[in-house]
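K.L.:
Before I ask anything, let me first share the structure, which is written out below as structure tokens.
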Amino acid sequence: MDVPCVAVAREAGEAARSALAAAEALNDDHEIAVEDGRIYIPVTDAEAAADAVAELDCDTEMTTYDLPVRQGVRTPADILGFEPSLERIGDIVVIDEDDPDRAAMIAEAVIDADLPARSVLNRASKIKGELRVRDWEVVAVDDDAAADSDRSPTETVHREYGHEYLLDLAAVYFSPRLATERHRVVEQIEPGEQVLDMFAGVGPFAIPAASRGASVVAVDLNETAIDYCRENARRNGVADAVTAIAGDVREVAADYRGWADRLVMNLPHSANEFVATAVDLAGEECVLHYYDIQHEDDPFGPGIEAIRAAAEPEYAVSVETEHVVRSYAPHELNVCLDVRLRRTD
């Protein structure tokens, strides 16, 4: 199971582990792993962990890694006799099973295991519509955990790299699989930047960007997602730095023409339809983080072509990073282009 980790050289592992223990940031539910001379130490809070190892005289990296659960903790696999495919979002466990009997069996094992889970949801549809939501079947609920919460089985608080996000999976789109990618982008942001997230959701790009000292505008067509974005900005102490707007970014663009130093375009199936809007939003110099899904034979070419067609000759276009985020489907890749625009006139 992928969990947040501190990765350090093996020889620095004990110093890092001690620093994390002192900061009460160690995750005791998972084992430490070693691969290729690097040691991966599981942590409970990425931000606290980063602070704990910041003073060490060694190279440290915040990442995620597939770590085994520590022996003595009963897992769903221990109960079932096989490793089920699970995804955790806050205290919700998500499964994707067509067979209702198998789904019920896995859900029961999740609730009976020692790892905390308030509810188990089974995907009941693909992502659909302009609001990018899907249907869910609530397969199981932990009665004791539910009794201590006033949230519905589909609402949770998800923690990621020191930030927390309240969200309802039945009403908004959210993928924990993109945590490392979001962190990669946010780490590039400098204090004072003006960042506009064109498809912001509940704020997983916008809020950490604001935490780094940026002024952020977060736009999304989904009004519920924007409500959560505002609440999450408040929860994370950046409400004054985040302007959350419900609406089509193409209609919002007139109010922010030429404003952005950085644009996040995480709508990979149709971001190409919004490139002209991105150019309108771009300032004198602007970095685009453009997400796309393309065939593995040419994963970056269509996006580069779309950006150049919209931006040139008004802007000089330089591609700084061609980055594969993950495999999306057989022979299809989810990719990101980091592209810098510089006004030519």
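K.L.:
So, in segment 188-203, how many residues would count as being open to solvent by 10 Å² or more (accessible area, probe 1.4 Å) and touching a Pro at 6+ places or on another chain (Cβ under 9 Å)?
P.N.:
0
K.L.:
What pairs come up if the first residue lies in segment 24-36 and is under 13 Å from Val6 (Cβ atoms), the second is open to solvent by 70 Å² or more (accessible area, probe 1.4 Å) and polar (S, T, N, Q), and their beta carbons are under 6 Å apart, counting only those six or more places apart or on different chains?
P.N.:
Qualifying pairs under 6 Å: Ala25/Thr44; Asn27/Thr44.
K.L.:
Also, I was wondering about something else. Which one is surrounded by the most Cβ atoms within 10 Å (Cβ to Cβ) among residues in segment 133-165 that are modelled with pLDDT under 90 and touching an Asp or Glu at 6+ places or on another chain (Cβ under 9 Å)?
P.N.:
Ranking the qualifying residues of segment 133-165, first place goes to Tyr161.
K.L.:
State which residue pairs qualify: first residue more than 21 Å from Glu181 (Cα to Cα) and inside segment 208-224, second residue at pLDDT 95 or above and open to solvent by 10 Å² or more (accessible area, probe 1.4 Å) in any location, beta carbons under 6 Å apart, and separation of 6 or more residues or different chains.
P.N.:
Leu221/Asp248; Glu223/Ala246; Thr224/Ala171
K.L.:
Something else: Go through segment 35-72 residue by residue and tally those that are farther than 30 Å from Ala104 by Cβ, outside any loop (DSSP other than H, G, I, E, B) and open to solvent by 70 Å² or more (accessible area, probe 1.4 Å).
P.N.:
4
K.L.:
I've got another one for you. Which condition does Thr75 not pass, out of (1) closer than 24 Å to Val185 by Cβ; (2) at pLDDT 85 or above; (3) not charged (D, E, K, R), if it passes all the others?
P.N.:
(1)
K.L.:
Being under 22 Å from the mean Cα position of the chain (by Cα), surrounded by fewer than 18 Cβ atoms within 10 Å (Cβ to Cβ) and either part of a strand (DSSP E or B) or not small (Gly, Ala, Ser) (or both) is the requirement here; does His289 meet it?
P.N.:
Working: under 22 Å from the mean Cα position of the chain (by Cα): yes; surrounded by fewer than 18 Cβ atoms within 10 Å (Cβ to Cβ): no; either part of a strand (DSSP E or B) or not small (Gly, Ala, Ser) (or both): yes.
In short, no.
K.L.:
Now, a different point. Contact list please: Cβ distance under 6 Å, first residue in segment 118-140 and closer than 20 Å to Leu267 by Cβ, second residue open to solvent by less than 50 Å² (accessible area, probe 1.4 Å) and at pLDDT 95 or above, pairs at least six apart or on different chains.
P.N.:
Pairs found: Leu131/Asn222.
K.L.:
Just one of Val279, Val325, Val319 is assigned to a strand (DSSP E or B) and crowded, with 17+ Cβ neighbours inside 10 Å; which is it?
P.N.:
Numbers: Val279 fails: assigned to a strand (DSSP E or B); Val319 fails: crowded, with 17+ Cβ neighbours inside 10 Å.
Testing whether each residue is assigned to a strand (DSSP E or B) and crowded, with 17+ Cβ neighbours inside 10 Å leaves just Val325.
K.L.:
Within segment 37-67, which residues are in contact (Cβ under 8 Å) with a residue 40 or more places away in the chain and of a type in the set (Phe, Trp, Tyr)?
P.N.:
Scanning segment 37-67 gives a single hit, Tyr65.
K.L.:
Filter segment 204-220 down to residues that are small (Gly, Ala, Ser) and in a loop (DSSP other than H, G, I, E, B) and give me whichever is most open to solvent (accessible area, probe 1.4 Å). Step through it out loud before you land on a result.
P.N.:
Of segment 204-220, the ones small (Gly, Ala, Ser) are 206, 209-211, 213-215, 218.
Restricting the remaining residues to those that are in a loop (DSSP other than H, G, I, E, B) gives 213-214.
Numbers: Gly213: 41, Ala214: 3 Å².
In this case the residue turns out to be Gly213.
K.L.:
Identify, from the list Ala306, Ala316, the residue that is modelled with pLDDT of 95 or more and touching a Ser or Thr at 6+ places or on another chain (Cβ under 6 Å).
P.N.:
Result of the check over Ala306, Ala316: Ala316.
K.L.:
So which residues in segment 73-125 are within 19 Å of Ala171 (Cβ to Cβ), part of a loop (DSSP other than H, G, I, E, B) and either among the hydroxyl-bearing types (Ser, Thr, Tyr) or open to solvent by less than 30 Å² (accessible area, probe 1.4 Å) (or both)?
P.N.:
Of everything in segment 73-125, those that are within 19 Å of Ala171 (Cβ to Cβ), part of a loop (DSSP other than H, G, I, E, B) and either among the hydroxyl-bearing types (Ser, Thr, Tyr) or open to solvent by less than 30 Å² (accessible area, probe 1.4 Å) (or both) turn out to be Gly90, Arg118, Ser125.
K.L.:
Here's something else I'd like to know. Of the residues that sit in segment 294-316 and are among the hydrophobic types (A, V, I, L, M, F, W, C) and crowded, with 18+ Cβ neighbours inside 10 Å, which one is nearest to Thr64 (Cα to Cα)?
P.N.:
To start, the set of residues in segment 294-316 that are among the hydrophobic types (A, V, I, L, M, F, W, C) comprises 300, 304, 306-307, 309-311, 316.
This time we only want the ones that are crowded, with 18+ Cβ neighbours inside 10 Å, so: 300, 306-307, 310-311.
On the way: Phe300: 25, Ala306: 32, Ile307: 31, Ala310: 36, Ala311: 36 Å.
If we take residues in segment 294-316 being among the hydrophobic types (A, V, I, L, M, F, W, C) and crowded, with 18+ Cβ neighbours inside 10 Å, then Phe300 is nearest to Thr64 (Cα to Cα).
K.L.:
Just for segment 1-30: of the residues that are in a loop (DSSP other than H, G, I, E, B) and open to solvent by less than 50 Å² (accessible area, probe 1.4 Å), which one is farthest from Asp57 (Cα to Cα)?
P.N.:
Restricting to residues being in a loop (DSSP other than H, G, I, E, B) and open to solvent by less than 50 Å² (accessible area, probe 1.4 Å), the top hit is Asn27.
K.L.:
Pairs please, first residue from segment 241-270 and in a strand (DSSP E or B), second anywhere and among the acidic types (Asp, Glu) and open to solvent by less than 30 Å² (accessible area, probe 1.4 Å), Cβ atoms under 6 Å, 6+ apart in sequence or on different chains.
P.N.:
Qualifying pairs under 6 Å: Asp261/Glu193; Arg262/Glu193; Val264/Asp197.
The values are calculated or read from the model by the stated rules, or taken from the named source; none is laboratory data. Quick caveat: nothing in here was measured; it's all calculated off a predicted structure. Neighbour counts run over all protein chains shown; Cβ positions are idealised from the backbone, glycine included. Side chains are part of the model used for accessible areas, which takes the heavy atoms of the whole protein and leaves out ligands, DNA and RNA. Shrake-Rupley method; radii C 1.70, N 1.55, O 1.52, S 1.80 Å.
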